[in-house]
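Worksheet: one structure, shown below.
The values are calculated or read from the model by the stated rules, or taken from the named source; none is laboratory data. As the structure is a prediction and not an experimental result, all values here were calculated from the model. Note: ideal-geometry Cβ built from the backbone for every residue, glycine included; neighbour counts use all protein chains shown.
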Amino acid sequence: MPTITVSRDNVTSDEVCKVLRDGLGDGYNVLPGTAMGRSAVQGPHAAEPDKILVGTGSNRVIKAQVTIEQHGGRTVLHVTPGGLSWDLALNSLGIARKTRQVLAASPDLQ
């Protein structure tokens, strides 16, 4: 599971969502407090505030999840692609990769 480490603690879900919305643009859904099921049959569902679903359309096929963890003075952002087979490959190379790039490049998360 690819991660981005932020050198400060207490990075909030709101901060991460703002970075994602600004970096990804209007074609993407950024849903805080929402998790994903692995398959397309399992749609988005309510989750802890430290989970953020990034997707397009109905968020059933094109999707990735960001999980925020606090670790002793730093914040770790885990990006997980959705899917089980062809859609997992598609999401790994597409939306999850783009999500990681936006998070890693953001000066707001330094």
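Quick notes on this one:
- Qualifying residues in the range 1-11 (those that are closer than 18 Å to LEU93 by Cα and in contact with a helix residue (DSSP H, G or I) (Cβ under 7 Å, 6 or more places away or on another chain)) - the one surrounded by the most Cβ atoms within 10 Å (Cβ to Cβ): ILE4
- Residues of the range 45-62 classified as of a type outside the set (A, V, I, L, M), modelled with pLDDT under 95 and surrounded by 18 or more Cβ atoms within 10 Å (Cβ to Cβ), total: 2
- Near pairs, Cβ below 8 angstrom, 6+ apart or cross-chain, from the range 92-110 (in contact (Cβ under 8 Å) with a residue 24 or more places away in the chain) to any residue that is of a type in the set (Asp, Glu) and surrounded by fewer than 19 Cβ atoms within 10 Å (Cβ to Cβ): ASP108/GLU15; LEU109/GLU15
- Taking the range 83-103 as the range and being among the polar types (S, T, N, Q) and surrounded by fewer than 21 Cβ atoms within 10 Å (Cβ to Cβ) as the test, the residues that pass are SER85, SER92, GLN101.
- Hits in the range 59-86 (condition: more than 24 Å from ASP14 (Cβ to Cβ) and without any contact (Cβ under 8 Å) to a residue 24 or more places away in the chain): ARG60, SER85, TRP86
- If the condition is being surrounded by 23 or more Cβ atoms within 10 Å (Cβ to Cβ) and outside any strand (DSSP E or B), then the range 63-82 contributes only GLY82.
- Test: VAL30 is assigned to a strand (DSSP E or B), aliphatic (A, V, I, L, M) and crowded, with 16+ Cβ neighbours inside 10 Å: yes
- Only one of ASP108, ASP14 that is acidic (Asp, Glu), loosely packed, with under 13 Cβ neighbours inside 10 Å and either touching a helix residue (DSSP H, G or I) at 6+ places or on another chain (Cβ under 8 Å) or at pLDDT 95 or above (or both): ASP14
- Residues (under 25 Å from GLY72 (Cα atoms), of a type outside the set (Ser, Thr, Tyr) and outside any loop (DSSP other than H, G, I, E, B)) located in the range 11-27: ASP14, GLU15, VAL16, CYS17, LYS18, VAL19, LEU20
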